[in-house]
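These notes concern the structure reproduced below.
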Amino acid sequence: MLVYYLDLAVRSLKRNRVLTTLMVLALALGIGASITTLTVLRLLSGDPLPQKSARLFYPQLDPSPKDSAITSKGRLPATMGYVDAMNLLHAHRATRQAVMALTRAKIMPPQAHAHPFFSDGVMTTADFFSMFDAGFQYGSGWTAADDESGAQVVVIAGFLNDKLFDGADSVGRMVRLNDHDFRVVGVLKPWAPQPRFYTLGLGGDHYGDGDAVFLPLKAARALKMGPQDTECYQAVDDFSHLESAPCQWLGLWVELDDASAVAAYRRFLDGYVREQVALGRFQRTDTSLLDLMGWLRDQHVVPDDVRLQVYLAFGFLLICVVNTVGLLLAKCLRRSQEIGVRRALGATRREIFVQFMVEASIVGLAGGVLGLAFAELGLFGIRHQPAQYAHLAHLDLAMFALTFLVALVASLVAGLLPAWRACLLAPAPQLKAM
Amino acid sequence: MKLHPMIAALRRHKAGVVLIALQIALTLAIVCNAVFIIGQRVSRVNRPTGLDENNLMLVTQSWVGAPSGDQPGDVDKLDSMQQADLAALRAMPDVESVAPINSLPLLNSSWNGSAALKPGVELREGNARTTYYFTDEQAFRTLGLKLVAGRAFTPADVQHRGFRDTSTPPVVIVTKALADKLFPDGTALGKTIFLDGGSSPSTIIGEVDRLQVPGTGSWTNSFTWNATLVPTRLDAGFARYAVRAKPGRLDAVMHAVPQVLYGVNRMRVLDDDSVKPFAQIRQEAYRSDVGMAILMGVVCLILLGVTAAGIVGLTSFWVGQRHRQIGVRRALGARKIDILHYFQMENLLISGVGALIGLGLAIGLNMLLMKHFEMDRLPVLYVLAGIVVVMALGQGAVFAPARRASNVPPVVATRSV
């Protein structure tokens, strides 16, 4: 029976080529736009470390001093000053913890005649790599002892290793960074979580390639490498001693294994802040301990424009569906007489209903296939945009499946009213009119 | 023409009427808001920076092996390196003038602080936020700034200091916007202000008409036009130079700059991004705004197209269905123009109702967007214009099917189909 319906549907669609093309095209445009924007949204709001994100937390506090006249407005600063970051780091109350700031590193390639160039770098502490699941191709990270002694060691990304050492095991070799020699202790496997959650609030790009060099904070600061973003809450006499300046420039991440550890850390953080208030350093006791995904939301990592585009695309799809309902309705009412004949010859209402739903879903599937092409075209366009996330925009299997689901649901919803109206038609008046 | 029979006829096609009206309402809501967003983006992109942007370029470079700035004498060494670069650039034949500068409008790299009328106030407490441009006496000629009060910098005003040094300058020039914010009575000239909560005063010696801050994000919205020009060369391991080429010679200068700078000192980083015309800085700053405006525009056009096609489709069907009735009306004396008007009126009625619903939807959507995004209130003018556009669209779409209806001959009435 289904084959017969399919045959009927194709015949009917062929009869009104212009109308059919119009419906398929409108539906395809709506689906293409929706899938394109959804893919980008999903990409941008994805979980950068799915296996670990629930265990990573970002503590925040407000270090405005007690004698300050200001009353901060609600939001806590995104970063910490050196003293507080180090106090919390050295308390070792979490399974792992690391402080970090972003910097620009001037790299002098070992090859003769090669020009020096700038790369993105992270100034951090020993736990960074194990906490963020950054795997090593060669060697390993540095130790807490290296942090304390200010050893001039460096972990480099695989792509920098390819560029400087042609991909060879470079552990033990020297890299010239900001006019000083650093000894390579480790080379990372490709590691670039998206979004780049650890750069939020530190002044870096939110998406894109990973960082090229990772340096111990103390060693980098000894050479006056500066953070990308500094927020000061009082007049500063000397920016070269950021460690003692009233400025915030460090992010702290901690790894906490279960709910009780989180609760304990929260108590510890609150206790620390209350202690500072008692000491007269701080005036506010508010703290925050967001998990990774919460921090991404708090920092509005997904650009507003991208969310706006998703709204727009779904509004567009809605109008396309309404349009298809109208056109399908027009088509099927025009065939009242045909329906009357079929009913008179013994077709049940159910059969008429199924027949029209089959026709609607053919339109939907055609719209889905074409919509997939439009989505690929849209993503191709996005890949050629200069956005940080551009090259990540690809259609994955889930989105591929979703395209057809959306297409089918949209067309079935669109087909519901016309099919219902068609099956309710009484055969007698239609036959009489003939 | 009486509306009563028309409404009676439409009541027999409730589903179709509702669908067309709904589609018009939704289209109106989305198109109004989209056009409003386009308008906002376009006016953002078109606001002048205050610079004379033609023939202007920026050189960003960094030395390799430069003094760190911490040893005594380092700052002077760095300054003489910068002076050597400036002299070499100024000596180029096609160059009109060159000024050292820490950033430019739209560059998204900035040094911001606050200006206060009293010494020693908290940073966040100052009377106004401002961005700083550290430059020298050639800034006015190079950037093409317009002085509206006081005087420009002279070579005697210009100092130099290390990048991390935070001493405050004795004289500054501020934008008119900042001057008016600090001294609403318009007497800023000659007054002293305190920068970044410092305790030593800076005297305002001049006011420029307009100069935008480097940041283009929404966080700069509160101080977009508050800029302070400081007559100080900043000495660090890197430097930026604003270069004004002689008219029409920008490309030649851009081409020649790397060799000239390498000629002064080979140990430096100059990459593809180092030499940029201002036009490129502008383009990069507003790329996403332009992209969004184009996307919204395309979506609007497609939406209007789809809606028009929907109206054509449904009306054609109604014309086909009422073929016989039209014939009867014609046989009873209705002129062609009456039939045409009938369908046009019918469409006007449906799209009028749709537009009314759309009016509400557009305002509702705007309120939703205001809640979730940085959006302003949709001016009623946009909605009214939108209503006119969708009504006109409806009339345009209905014309062809209505013409076909008016050409139905009266003889149809006597035929059985």
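No value in this document is a laboratory result; all are computed from the given coordinates. Because the structure is a prediction, the values reported are computed rather than measured. Here the Cβ positions follow ideal geometry from the backbone for every residue, glycine too, while neighbour counts run over all protein chains shown.
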Exercise. According to the square roots a ≥ b ≥ c of the eigenvalues of the Cα gyration tensor, what is the shape class of segment A:25-174, taking rounded for a/c under 1.5, prolate for a/b larger than b/c otherwise, and oblate for the remainder?
Worked result: oblate
For this session: Using the Cα centre as the reference, give the magnitude of the dipole from point charges on the C-beta atoms of segment B:171-233 (Lys, Arg: +1; Asp, Glu: -1; all else neutral), rounded to the nearest 20 debye.
Result: 120
Exercise. Quick one: Debye curve from the C-alpha atoms of chain A, no solvent, what's log10 I(q)/I(0) at q = 0.11 Å⁻¹?
Worked result: -0.88
Exercise. From the residues A:Gln276, A:Gln234, A:Ala219, which one has its Cα farthest along the dipole of segment A:203-303 in the positive direction, the dipole being from +1 and -1 charges on Cβ of Lys/Arg and Asp/Glu about the Cα centre?
Worked result: A:Gln276
Problem set entry | Rounded to 5, percent antiparallel among DSSP beta bridges of the protein assembly as shown | 75
Exercise. In whole Å, how far is the Cα centre of segment A:73-115 from that of segment A:245-290?
Worked result: 17
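Would you tally the net charge around B:Ala236, using a Cβ to Cβ cut-off of less than 11 Å, leaving B:Ala236 out, and scoring K and R as +1, D and E as -1?
Working: positive: A:Lys224, B:Arg161, B:Arg164, B:Arg233, B:Arg240; negative: B:Asp74, B:Asp79, B:Asp165, B:Asp235.
Every neighbour counted, the sum reads +1.
Can you tell me the dipole magnitude for chain B around its Cα centre, using point charges on the Cβ only (Lys, Arg +1; Asp, Glu -1), in Debye to the nearest 20? Don't skip to the answer; put the middle values down first.
Working: 42 positive and 31 negative charges, 670 e Å.
For chain B, the charge dipole is close to 3220 debye.
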Seminar exercise, completed: In a Gaussian network model of chain B with springs linking alpha carbons closer than 10 Å, the residue among B:Leu270, B:Leu211, B:Leu89 that fluctuates most is B:Leu270
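Under a Cβ-Cβ cut-off of 12 Å, what is the net charge of the residues other than B:Leu78 that fall near it, where Lys and Arg count +1 and Asp and Glu count -1?
Charge balance in the 12 Å sphere: -3.
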For this session: State the antiparallel share, in %, of DSSP beta bridges confined to segment B:65-266, rounding to the nearest 5.
Result: 60
Problem set entry | Set of lysines near B:Lys276 by C-alpha distance (under 30 Å), chain-local residues within fewer than 8 positions excluded | A:Lys106, A:Lys163, A:Lys224, B:Lys77, B:Lys146, B:Lys176, B:Lys246
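Which whole-number percent is the relative contact order of segment B:65-266 (Cα, under 8 Å, 6+ apart)?
Numbers: 430 pairs, mean separation 65.7, N = 202.
Taking the mean separation of contacting Cα pairs over the length of segment B:65-266, I get 33 percent.
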For this session: Could you point to the residue in A:Met357, A:Pro195, A:Pro429 farthest towards the positive end of the protein assembly as shown's charge dipole, with +1 and -1 charges on the Cβ of Lys/Arg and Asp/Glu respectively?
Result: A:Pro429
Exercise. Cα centroids of segment A:1-47 and segment B:381-417: how far apart, whole angstrom?
Worked result: 28
For this session: Determine the shielding of peptide A:325-338 by partner chains: average, over its residues, the number of Cβ atoms on other chains within 10 angstrom of each Cβ.
Result: 5
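Would you mind calculating the relative contact order of chain A from Cα pairs under 8 angstrom and at least 6 residues apart, reporting the percent as a whole number? Display every interim value, and only then the final one.
On the way: 754 pairs, mean separation 119.4, N = 434.
Result for chain A is 28 percent.
What is the average number of partner chain Cβ atoms found within 10 Å of a Cβ in B:300-313? Show your work: numbers first, answer last.
Working: counts 2, 0, 8, 9, 0, 4, 12, 6, 0, 10, 12, 2, 4, 12.
Across the residues of B:300-313, the mean count of other-chain Cβ atoms within 10 Å is 6.
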Problem set entry | Max mean-square fluctuation residue, GNM over chain B, Cα-Cα springs under 10 Å, options B:Asn54, B:Asn407, B:Asn347 | B:Asn407
Problem set entry | Overall form of segment A:97-223 per C-alpha gyration tensor (a/c, 1.5; a/b vs b/c) | rounded
Problem set entry | Label point distance in nm, B:Arg266-B:Val45, each placed 7 Å from Cα along Cα→Cβ | 4.5
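Anything in chain B that counts as a DSSP H helix reaching 18 Å or more along its axis (C-alpha) with Kyte-Doolittle mean of at least -1.0? List them, would you?
Working: long enough: B:14-46 (47 Å, 1.45); B:74-90 (24 Å, -0.43); B:250-264 (21 Å, 1.09); B:278-321 (63 Å, 1.11); B:336-372 (52 Å, 1.01); B:380-406 (37 Å, 1.45).
Taking the DSSP H segments of chain B (at least 18 Å long, mean hydropathy at least -1.0), we get B:14-46, B:74-90, B:250-264, B:278-321, B:336-372, B:380-406.
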Problem set entry | Highest-MSF residue in chain B out of B:Asp85, B:Asp74, B:Asp196 [GNM, Cα springs under 10 Å] | B:Asp74
Seminar exercise, completed: Membrane-span-like helices (DSSP H runs, Cα span along own axis at least 15 Å, mean Kyte-Doolittle at least -1.0) in chain A -> A:2-15, A:17-44, A:259-279, A:304-334, A:349-383, A:397-424
Seminar exercise, completed: With label points set 7 Å from each Cα along the Cα-to-Cβ direction at A:Asn16 and A:Gln385, the distance between them in nm comes to 3.6
Exercise. Measuring from the lowest to the highest alpha carbon on each principal axis, how far does the protein assembly as shown reach, largest first, in angstroms?
Worked result: 109, 63, 59
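Note down the net charge around B:Thr414, summing +1 for each Lys or Arg and -1 for each Asp or Glu among other residues with Cβ under 14 Å from its Cβ. Mind showing how you got there, number by number?
Values: positive: B:Arg324, B:Arg329, B:Arg330, B:Arg415; negative: none.
Within the 14 Å Cβ shell, the charges total +4.
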Exercise. Over chain B, what is the mean sequence separation of C-alpha contacts under 8 Å (at least six apart), divided by residue count, expressed as relative contact order in percent?
Worked result: 27
For this session: Putting +1 on Lys and Arg Cβ atoms and -1 on Asp and Glu Cβ atoms, find which of B:Phe343, B:Ala331, B:Ala397 reaches farthest to the positive end of the dipole of segment B:325-404.
Result: B:Ala331
Problem set entry | Between segment B:215-277 and segment B:60-86, the alpha-carbon center distance in angstrom | 16
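Determine the gain in length on full extension of the stretch A:Arg173-A:Ala91; use 0.36 nm per residue of separation and subtract their C-alpha separation, reporting nm with one decimal.
On the way: separation 82, 0.36 × 82 = 29.52 nm, distance 3.37 nm.
Length gained, A:Arg173 through A:Ala91: 26.2 nm.
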Exercise. Among all cysteines in chain A, which have no other cysteine Cβ under 4.7 Å from their own Cβ?
Worked result: A:Cys320, A:Cys332, A:Cys423
Problem set entry | Debye equation applied to the C-alpha atoms of segment B:65-266, log10 I(q)/I(0) at 0.10 Å⁻¹ | -0.43
Exercise. Where the only charges are on Cβ atoms (+1 Lys, Arg; -1 Asp, Glu), what is the dipole of segment B:270-354 about its Cα centre, to the nearest 20 debye?
Worked result: 1020
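Starting from 0.36 nm per residue, how many nanometres of slack lie between A:Ala278 and A:Arg350 once their C-alpha separation is accounted for?
Gain on stretching A:Ala278 to A:Arg350: 18.2 nm.
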